[in-house]
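Since the structure comes first, as structure tokens, the remarks are kept for the end.
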Amino acid sequence: MTTMSGIKFSIIELGEVDNDQAWNVTGMALGTKDNPNPPAVWWRVPMIAILVQHPEAGNILYDSGNYLNNNIDRLPQALQEDFPNLMTRKDYLDVQLKEKLNMSLDEIDAIIISHAHFDHLGGVGFFSGKKAGQNVYISRKEFETALLATHQNPSGLGGAYFKGDLEFPDIEFKLVDEDTELFPGIEVIHLVGHTPATLGMVLHCGSGQTYIFPSDAVYTSLNYGPPAIAPGLVADTLGFSNTIRKLNKLEKKYNAKVVFPHDPIQIKQMKTAPYFYE
Ligand SMILES: [Zn+2]
């Protein structure tokens, strides 16, 4: 790995969804003899993107949030039943970049997509015809999975993959085949579990501190443990266990901090945009 002096990042909050905790963490409302049918527990979950400022590569986004009207009528209604979207217009990437970081979409140079679910990939739609739209990195295997899933039924929805997110005009996807250092100090690593090929990001910041972003391969600190607890929504449970081991090793190797993507607890302990971690 390369240590690149000057790399820093900011956490951009992109609205919230409500959902049953069991999607994120299994066994949260287990019954007992005296209380055999406890009610499902719902919680409010943040959505985020990461803005990385790199001294050579410029402004790089890790994930992009939802595309316009995902909170209204763009996605099939069935999805709103499980994951009611609480976003308003101001929670989308374009507005948050401007309001929190005083940045325009034109100032973004590249985008790394962790996985192709609608709350991570959709925001690339803001970059049609823009510089960053020509530099969208995603795992080849994830891209193939999403294409297949979204072409199997007329609704265009396959799990949390949405066909429209893959078809924005004038977007160029650059396919990543293996774990690699995309830019000096910015590594991407394949994490199996949530999807077949979620790309985590390992960021070696200017201060010498390393941060690991597992995206939805590990939703929350509760999943990470120890002990690790699998999410309810998982494509590959064995893959999830391997992912935890892979992350544990990296965390130890770099004395890294892990930043989770949908963690209602951790987000309150972190500083978000306009603050930068260095
Ligand atoms: Zn997600």
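The set of residues from the range 134-148 being out of contact with any Pro (no Cβ under 9 Å at 6 or more places or on another chain) and either within 15 Å of the ligand (Cβ to nearest atom) or in contact (Cβ under 8 Å) with a residue 24 or more places away in the chain (or both) comprises GLN134, ASN135, VAL136, TYR137, ILE138, ARG140, PHE143, ALA146. Scanning the range 132-146 for residues that are closer than 16 Å to ASP119 by Cα and assigned to a helix (DSSP H, G or I) yields GLU142, PHE143, ALA146. Take the residues in the range 44-58 that are in contact with an Asp or Glu (Cβ under 8 Å, 6 or more places away or on another chain) and either aromatic (Phe, Trp, Tyr) or farther than 12 Å from ILE186 by Cβ (or both), then tell me which one is nearest to the ligand (Cβ to nearest atom). The selected residue is MET47. Residues that are surrounded by fewer than 18 Cβ atoms within 10 Å (Cβ to Cβ) and among the acidic types (Asp, Glu) within the range 127-161 comprise just one, GLU144. For the range 111-120, the set of residues classified as in contact (Cβ under 8 Å) with a residue 60 or more places away in the chain and either surrounded by fewer than 23 Cβ atoms within 10 Å (Cβ to Cβ) or not in a helix (DSSP H, G or I) (or both) consists of ILE112, ILE113, SER114, HIS115, ALA116, HIS117, listed by residue number. Kindly indicate whether GLY123 is more than 30 Å from TYR254 (Cα to Cα), within 13 Å of the ligand (Cβ to nearest atom) and surrounded by fewer than 21 Cβ atoms within 10 Å (Cβ to Cβ). No, not satisfied.
Bear in mind these aren't lab numbers, they're just calculated from the coordinates by the rules spelled out. On a predicted model such as this, the values are computed, not experimentally measured, just so you know. When we count neighbours, we look across all protein chains shown, and the Cβ atoms used for this are built from the backbone with ideal geometry, even at glycine.
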